[in-house]
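Asks: Sharing a structure here in structure tokens format.
The values are calculated or read from the model by the stated rules, or taken from the named source; none is laboratory data. Just so it is clear, the model here is predicted, and its values are computed rather than measured. Counting neighbours? That spans all protein chains shown, and the Cβs are built from the backbone with ideal geometry, glycine included. These accessible areas exclude ligands, DNA and RNA; they are computed on the full protein's heavy atoms, side chains included. Shrake-Rupley method; radii C 1.70, N 1.55, O 1.52, S 1.80 Å.
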Amino acid sequence: MSVNDYRTPAAKDKFEVQQGSSEKSATFIFGNEDHTLGNALRHILINRPATELCGYSVPHPYEPKMNVRLQTYDVPAIQVG
């Protein structure tokens, strides 16, 4: 097996929500996703009037997950996301 034959194992969870310090912030964790969905979703959410901050990250290429952080002005983050 060569170095380039490594296959990333599938994520255990397809979707998870971690509540932030208040109801106006949350982190949405998507399993088996990457920059393709992350950038598109960030663009859609940042253009909503209730969104104060939105960003995404892929922790590591061999870790099969993508995090989307969302903070809102007045409404709960779960309602915007």
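Asks: Using protein chains only and a probe of 1.4 angstrom, how many square angstrom of H43 are accessible, to the nearest 10?
Replies: For H43, the solvent-accessible surface is approximately 100 Å².
Asks: Say a site is exposed when it is one of the trypsin sites (Lys or Arg not before Pro), sits in a DSSP loop, and has at most 11 other Cβ atoms within 10 Å; what is then the longest site-free stretch of the chain?
Replies: 13-81
Asks: What is the projected area of the convex hull of the Cα atoms of the chain, averaged over all directions, in nm²?
Replies: 5.7
Asks: If you line up the long axis of helix 35-46 against the longest principal axis of the chain, both from Cα atoms, how many degrees apart are they, to the nearest 10?
Replies: So the inclination is approximately 0 degrees.
Asks: Here's another thing I want to ask about it. Kirkwood Rh and Cα-based Rg: tell me the resulting Rg over Rh for segment 34-81, rounded to two decimals.
Replies: Rg divided by Rh gives 1.02.
Asks: Carbon and sulfur together cover what percent of the accessible area of the chain at a 1.4 Å probe radius?
Replies: C and S atoms contribute 52 percent here.
Asks: Are there chymotrypsin sites (Phe, Trp or Tyr not before Pro) in the chain that DSSP marks as loop and that have at most 14 other Cβ atoms within 10 Å, and which are they?
Replies: Filter output for the chain: Y6, Y62, Y73.
Asks: From the helices alone, meaning DSSP H stretches of at least four residues, give me the mean residue ellipticity at 222 nm for the chain, per-run term -39500 (n - 2.57), in deg cm²/dmol to the nearest 500.
Replies: -5500 deg cm²/dmol
Asks: For the chain, what is the accessible area per residue in Å², given a 1.4 Å probe and the full set of protein chains?
Replies: Accessible area per residue: 69 Å².
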